[in-house]
Every structure is written in structure tokens, then in C-alpha cells.
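Structure record follows, encoded as C-alpha cells.
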Amino acid sequence: MSTIEREVGESEATPESVLAPVTRAPRISQDDVFRAADELLLDGHRPTIDRVRMRLGRGSPNTINDHLDAWWAKLGSRLRDLPGREFPHLPERVAHALQALWNEALESAHVALQDTLAERDRAITQRDEALQQREHEVIERERITAARSTALEESLALARGQLTAANQRAERLEAVLQQREAEIARLRAQAEDLERTSADWRKRLEAAQEAHQRERARLESRLGDPLDERSRSRPTGGEGGG
């Protein structure tokens, strides 16, 4: 007798045993999930994560989901004693229930697969959109950064050009200033030479004037003496008339 037949017989004989609480264990195993799923299937219910968890009274949904996927994958082979043989001899009610549940499970699995694929496509689409948005933001930041860098480089080049022009003007002004200082020094030296020359000419003029005065006095002195002698020696009119 197969495991399903034995469980079906037990469920028909004592249905209370199917609904009996399972002893809590530290961690559920694949056998625990398989057993709970078989019990639900024999009770006419489609095994789900919530129903298996309620049947076991514990368990992580992720762990139950993994074991339940394996249960669905092995259900077809477990309903057969050997590959290629018909279903084992089961009560007709149970066989119809199993067939209906199997068809429902396949349809639900197909729907779940389509939903999963659609959800995955939506997630991929959202992720692609988010990546495109981030790429757009990165490109925009790079563009802004490049524009700022270009503006800074242009400002720096302009400042360098202005500094170079200012330095050139300063050099020209310094050269002009040096030329003017040299011209001022030359003019100052020339003025000093002219002052010395003027002082020399003043001295010469003063010496010439003094010599002229002396010569004039001498000449006046020489010319004054003969006149005085002739006036003294000239006879008077009275004397000449007598």
C-alpha cells in the first residue's frame, strides 16, 4: 500500500486524526510540509502556505514555500506507484477529488507562474526605469559638473590673461618710470651744471665790473690832473686887457 493510500484510509477511518495538532519542533522539515500538504489534499483543500502553516502551527513562510514547491513538483510521481502505471486503487470519491485538485493545482500553478512572471517583468521594468532615471541624473550631474569646470577654466584663463596684461602694463609703467627718473636725474645734473656755470659767470661778471670800476677810476684820475693844470696856467681877462 502506498503512502497516499494509507493516509486516505486513515483519513476515512478516523478523520479526527487528520485534524490533530502536530507536535511543535524546532524547525520544520520537508517531510513535515509534505505530510501537511498530503493531509490538506486528502481533506479536499488545495495546499497553500497559509494552510500548511496553520496545519503545522509553526514554520517560516519562505521555508514552507520552498518545501511546498518541491511537493508540487513531486506530486505526480507520488500519485503513481511506478512510472507508467495507473493511479493506485483509491476510493472513487478520493480519486475524483485528487484529480480535481491536481487540475486545479496545475491551473493555479500556471496562474501563479504567469503572475510571478508578470510581477518579475514589472519589477524588471521598474528597475530599468530606476536605472535609466539614475543614469539620466548621473549624466545631468556630469553635464553640470563639466559646464562648471569649463566655466571655471574660462574664468581662470581670463584671470590669467588679465594678470598677464596687468603685469605687462606694470612692466611698461616701471620702464617709463625708470626713464623719467633717469631724465629727471639728467635734468637735475644739467641744472646743477648750469648753476655752477651761472655762478662762475657771475663771479667773472663781478670781477669784470670791479676791473671796469678800477679802470674808470684810474682814467678819471688821469684825465682830471691836466685839466686842473691848464686852468691854473690860463691868464685871466683883466690881465690880458692891460
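The values are calculated or read from the model by the stated rules, or taken from the named source; none is laboratory data. Keep in mind the model is a prediction, meaning the values are calculated, not measured. Here the Cβ is made from the backbone with ideal geometry for all residues, glycine too, and neighbour counts use every protein chain on show.
Annotations
- Count - residues of segment 40-53 that are in contact with a Pro (Cβ under 9 Å, 6 or more places away or on another chain) and assigned to a helix (DSSP H, G or I): 5
- Condition check for residue 112: in contact (Cβ under 8 Å) with a residue 12 or more places away in the chain and either within 30 Å of residue 72 (Cα to Cα) or not in a helix (DSSP H, G or I) (or both): no
- The residue that is modelled with the lowest pLDDT, among those in segment 28-46 that are in contact with an Asp or Glu (Cβ under 8 Å, 6 or more places away or on another chain) and surrounded by 18 or more Cβ atoms within 10 Å (Cβ to Cβ), is 42.
- Restricting segment 54-76 to residues that are buried (at least 19 other Cβ atoms within 10 Å of the Cβ) and part of a helix (DSSP H, G or I), the residue that is modelled with the lowest pLDDT is 75.
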